Amino acid sequence: MKRLKGKKQIEQLFVSGVSVNAFPLRMVYLENPYEHLVGVSVSKKHFKNAVDRNRIKRLLRVGVEKQLSNKLNKMESKYCLMVLYVGKEMPESAQLKEQFEFLIKRFHKKQ
């Protein structure tokens, strides 16, 4: 699974993508004909320090790798995904694990 990069791809994702929420996570996805692309993002508004943002992004990437990648590889269609952390407090990895599972269930329901 590759990282989502490029201004045009990200802009297209937010313009025409579908959103799924599982607080404090939000996932925006769009079908992609080529391969799975995943990006993570944390608001600078809520987390001023780059150290905090980078820690949360690292936790999100681990969650994506451990939980989301297995599910995506089993699917026939490919997706561009952006996982956003919209909470205002520093998360714990156990809390994020539960929310990722809930987010994946909602993602499958919208399919």
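Karplus-based coupling profile of region 38-49, in residue order and whole Hz: 10, x, 10, 8, 9, 5, 6, 5, 8, 10, 5, 7, with θ = phi - 60° in 6.51 cos²θ - 1.76 cosθ + 1.60 and x standing for Gly or Pro.
Sequence-distant contacts, meaning Cα pairs under 8 Å at least 6 residues apart, place the relative contact order of the chain at 38 percent. In this structure the chain gives 65 Å² per residue of accessible area when probed at 1.4 Å with all protein chains present. The accessible area of Lys45, taken with all protein chains in place and a 1.4 Å probe, comes to roughly 150 Å². Among the listed pairs Lys2/Lys48; Lys74/Lys97; Lys7/Lys48; Lys74/Lys110; Lys71/Lys110, a Cα-Cα separation exceeding 25 Å is found for Lys2/Lys48. Projecting the Cα atoms of Val86, Val51, Val18 onto the charge dipole of region 1-86 (Cβ charges, centred on the Cα centre) puts Val51 farthest toward the positive pole.
Checking every one of the GluC sites (Glu not before Pro) in region 80-111 against DSSP loop status and a limit of 12 other Cβ atoms within 10 Å picks out Glu89, Glu92.
Beyond 18 Å, what share of the Cα-Cα pairs of the chain is found? Please give it as a whole percent.
Details: 2809 of 6105 pairs.
Counting pairs separated by more than 18 Å, the tail of P(r) holds 46 percent.
Of the solvent-accessible surface of the chain, computed with a 1.4 Å probe and all protein chains present, 48% belongs to carbon and sulfur.
The spacing between region 27-84 and region 1-16, judged by their C-alpha centroids, is 11 Å.
The values are calculated or read from the model by the stated rules, or taken from the named source; none is laboratory data. Quick caveat: nothing in here was measured; it's all calculated off a predicted structure. Don't worry about glycine lacking a Cβ; one is built from the backbone with ideal geometry, like all the others, and counts go over all protein chains shown. Surface accessibility is based on the protein's heavy atoms, side chains included, excluding ligands, DNA and RNA. Shrake-Rupley method; radii C 1.70, N 1.55, O 1.52, S 1.80 Å.
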